[in-house]
Structure formats: C-alpha cells, structure tokens
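Written below as structure tokens is the structure these notes are about.
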Amino acid sequence: MPTPEQRLSELGLELPAPIKLPATLHLPFTFVNVRGDRVFISGHPKQAPDGTIAGPYGQVGEQLTTEDAQLAARDIALSVLANLKAEIGELSRVAGWLRVFGMVNSAPGYDLQHVVINGFSDLIIEVFGPEIGRHARSAIGVAGLPMNFAMEIEAELQLFDS
C-alpha cells in the first residue's frame, strides 16, 4: 500500500502550506493537538495554497450549492492533512481516523449536511485506505460559524506507537 503522501500524489493533489493566521486574529488554541498516541484536530476552514484562510464563506443552500460545499469539504481535508503533517511529520504515522465532526452553516430548511461532509470523508478514505481512513462521523447544520465560514470540520485520530 502506498503511503498517504504517495496516494495524494497519485490523485494529483497537493497539500497547502500549514495554516497562516492573519496577524490581527488571536486564537488561544492549536489546530493540531497531539497527546500521546491521540491527535485532536480543531475545526478547520479551507486554506489557500499559501496557507492563508480561504473560507468558503456563507450559508450552504443560499450562497453555496451542495456540490460547491462538497468540493470545499474535500479541500478542507487537504488543509487538515497539511496541518497534521506539519505537526507529526509523516502521515503514515496515522494508525486510524477515529471521528470526524462537520458543522455546516446552513440556510433555513437545508438538510444535506451529510452529503457536504462526504467530500471530507471520501478523501480521507481515498488517501488512507478503508481500514485506517474509516471513521465515525457526525454532520450537523448550524445557523452560523465564526468568520461566516460555510463549514468547519474537526477530527480525532490515533497514531501508531512511537
């Protein structure tokens, strides 16, 4: 089985640079928190190739279509992987994805949050394979998110013993 980095390359995908926050934005937490063999991933937006925050912004079902949001969720997976790789070195250290939690800024009546977050889940399984990439998941609609993000996705994973 190829490494996750090799699989990304096979898929023609590149990771963005690790996240770069605007100087005016104070966040008193880390985006990737490693505790022993557990990794807690804070809610992530999409990142541009240079690591800057790139949204998407607005409500799904209003400013974004389900398809646009699903593609953005796939891009958020790349952002998560970029920040995870920056923290742990090699993505092959991941023993298993345990849980994914997707929050979708939803227009009133919008009910396809699970389809949106499939963009994230599908890429994780493509990159890590069905055994390591398999995870429990929740996808919920919310009335708003910080900075008017269209979605934010967090995760928990386990590393192989060092």
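The values are calculated or read from the model by the stated rules, or taken from the named source; none is laboratory data. From a predicted model like this one, the values you see are computed outputs, not experimental measurements. Glycine gets a Cβ as well: all are built from the backbone with ideal geometry, and neighbour counts include every protein chain shown. Remember, those area values only see protein heavy atoms, side chains included, never the ligands or the DNA or RNA. Shrake-Rupley method; radii C 1.70, N 1.55, O 1.52, S 1.80 Å.
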### Query
When you look at residue 53, is it open to solvent by less than 40 Å² (accessible area, probe 1.4 Å), in contact (Cβ under 8 Å) with a residue 60 or more places away in the chain and touching an Asp or Glu at 6+ places or on another chain (Cβ under 9 Å), yes or no?
no
### residue 46 vs. criteria of a type in the set (D, E, K, R) and surrounded by 16 or more Cβ atoms within 10 Å (Cβ to Cβ)
yes
## Note on the structure
Taking the range 76-96 and keeping residues touching a Ser or Thr at 6+ places or on another chain (Cβ under 9 Å) and not in a helix (DSSP H, G or I) leaves 90
### Query
If you go through the range 19-35, how many residues are touching a strand residue (DSSP E or B) at 6+ places or on another chain (Cβ under 8 Å) and not aliphatic (A, V, I, L, M)?
6
### Task
Might you let me know whether the range 27-38 holds any residue that is modelled with pLDDT of 95 or more, within 22 Å of residue 129 (Cβ to Cβ) and open to solvent by 60 Å² or more (accessible area, probe 1.4 Å)?
yes
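Residue-wise test of (1) open to solvent by 10 Å² or more (accessible area, probe 1.4 Å); (2) charged (D, E, K, R); (3) within 21 Å of residue 161 (Cα to Cα); (4) in contact with a Cys (Cβ under 8 Å, 6 or more places away or on another chain).
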residue: 73; (1), (2), (3), (4): no, no, no, no
residue: 76; (1), (2), (3), (4): no, no, no, no
residue: 94; (1), (2), (3), (4): no, no, yes, no
residue: 97; (1), (2), (3), (4): no, no, yes, no
residue: 100; (1), (2), (3), (4): no, no, no, no
residue: 109; (1), (2), (3), (4): yes, no, no, no
residue: 112; (1), (2), (3), (4): yes, no, no, no
residue: 122; (1), (2), (3), (4): yes, yes, no, no
residue: 126; (1), (2), (3), (4): yes, yes, no, no
### Query
Would the range 141-154 turn up any residue that is among the charged types (D, E, K, R) and over 12 Å from the mean Cα position of the chain (by Cα)?
no
